[in-house]
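The values are calculated or read from the model by the stated rules, or taken from the named source; none is laboratory data. Since we're looking at a predicted model, the values are computed, not measured. Cβ sites come from the backbone with ideal geometry, for glycine too, and all protein chains shown count toward neighbours. When the accessible area is computed, the model is the full protein with side chains, heavy atoms only, and any ligands, DNA or RNA have been set aside. Shrake-Rupley method; radii C 1.70, N 1.55, O 1.52, S 1.80 Å.
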Amino acid sequence: MKKPPKKTPSDSLEEPPSPLLQEFSDRLTRALEHAGHPGHGGQTWLGKKMGVTQTSARRWLLGKAFPEFEKLQSLADLLDVRLEWLMTGQGNMVKNKRTPSWVPQIAWEDISRWLSGDRATIPKLDEFPFPGPLGSDAFVLAMRGSSMEPDIENGDLVVIDPLKPWSDQDFVLVGSDQGTETIRKVEMDGGRPVLFLSNLKYPSQVDVERTRILGTVVGKITLYSK
């Protein structure tokens, strides 16, 4: 009788995650969204910030592996969530329960006036609660187009904070000399920020014409259907 073939590392990757690992993966994904790094871009950002390989970060997010115990506190601090919640799902997600800030949604056409401080006459399309710390001039935009999919999809509500410093792998609001604005992803190249599109369907992934970073995307607002 032939013995069954031994499992290879690639075979083990196809095994369904255990319930505990899957629950941790779900919490980690939610924490990344809370920290302003949703979608596939969060994996790259997480790996760089935690000093681990992209394979390790991917396995955490897929529910294939659990971080080393000594990394968990650093992971919780990085994502600004409680360690107990990250490990077990118990209690509040955020460290200190904050009173949500109400952030106005404005039209793309009003961004320039908003950033110049002329806000009294700008119509507010809506207002949304946001739990994280925000500057006084933060605002919400509804994403237009598919250039940043799958990280930010058409119609997603993104929160922009013009006062928050950006860093490598952040999503940012950028402007061009023609006066138009859009969302891009920052990747540092030799000390210089390069602005990328997420959607691989586009022929050019680098946006070289837009040079002014106007604000940092600090999160997305999820609307739950009742």
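Please verify whether the stretch 162-185 includes one or more residues that are on the phi > 0 side of the Ramachandran plot, more than 17 Å from the chain's Cα centre (by Cα) and open to solvent by 40 Å² or more (accessible area, probe 1.4 Å). Within the stretch 162-185, one or more residues are on the phi > 0 side of the Ramachandran plot, more than 17 Å from the chain's Cα centre (by Cα) and open to solvent by 40 Å² or more (accessible area, probe 1.4 Å). Contact map, the stretch 38-56: first residue under 20 Å from Ile183 (Cβ atoms) and small (Gly, Ala, Ser), second residue open to solvent by 40 Å² or more (accessible area, probe 1.4 Å) and in a helix (DSSP H, G or I), Cβ cut-off under 9 Å, separation 6 or more or different chains; pairs are Gly39/Glu33; Gly42/Thr29; Gly42/Glu33. Step by step: first the residues of the stretch 34-49, then only those that are of a type in the set (A, V, I, L, M, F, W, C) and open to solvent by 10 Å² or more (accessible area, probe 1.4 Å), then the one that is farthest from Leu62 (Cα to Cα). Which residue is that? Out of the qualifying residues, it is Ala35. Scanning the stretch 174-185 turns up at least one residue that is within 13 Å of Gly41 (Cα to Cα) and touching a residue at least 40 places away in the same chain (Cβ under 8 Å).
Only one of these is more than 18 Å from the chain's Cα centre (by Cα), in contact (Cβ under 8 Å) with a residue 12 or more places away in the chain and either in a loop (DSSP other than H, G, I, E, B) or closer than 30 Å to Thr182 by Cβ (or both): Trp102, Trp85. Name it. Outline the logic, then answer.
Numbers: Trp85 fails: either in a loop (DSSP other than H, G, I, E, B) or closer than 30 Å to Thr182 by Cβ (or both).
Step by step, each of Trp102, Trp85 is checked, and only Trp102 is more than 18 Å from the chain's Cα centre (by Cα), in contact (Cβ under 8 Å) with a residue 12 or more places away in the chain and either in a loop (DSSP other than H, G, I, E, B) or closer than 30 Å to Thr182 by Cβ (or both).
Tell me whether the stretch 64-81 contains one or more residues that are in a helix (DSSP H, G or I), of a type in the set (Asp, Glu), modelled with pLDDT of 90 or more and over 19 Å from the mean Cα position of the chain (by Cα). The answer is no; no qualifying residue exists.
Against the condition hydrophobic (A, V, I, L, M, F, W, C) and more than 20 Å from the chain's Cα centre (by Cα), how does Ala142 come out, does it pass? No; evaluated as a whole, the condition is false for this residue.
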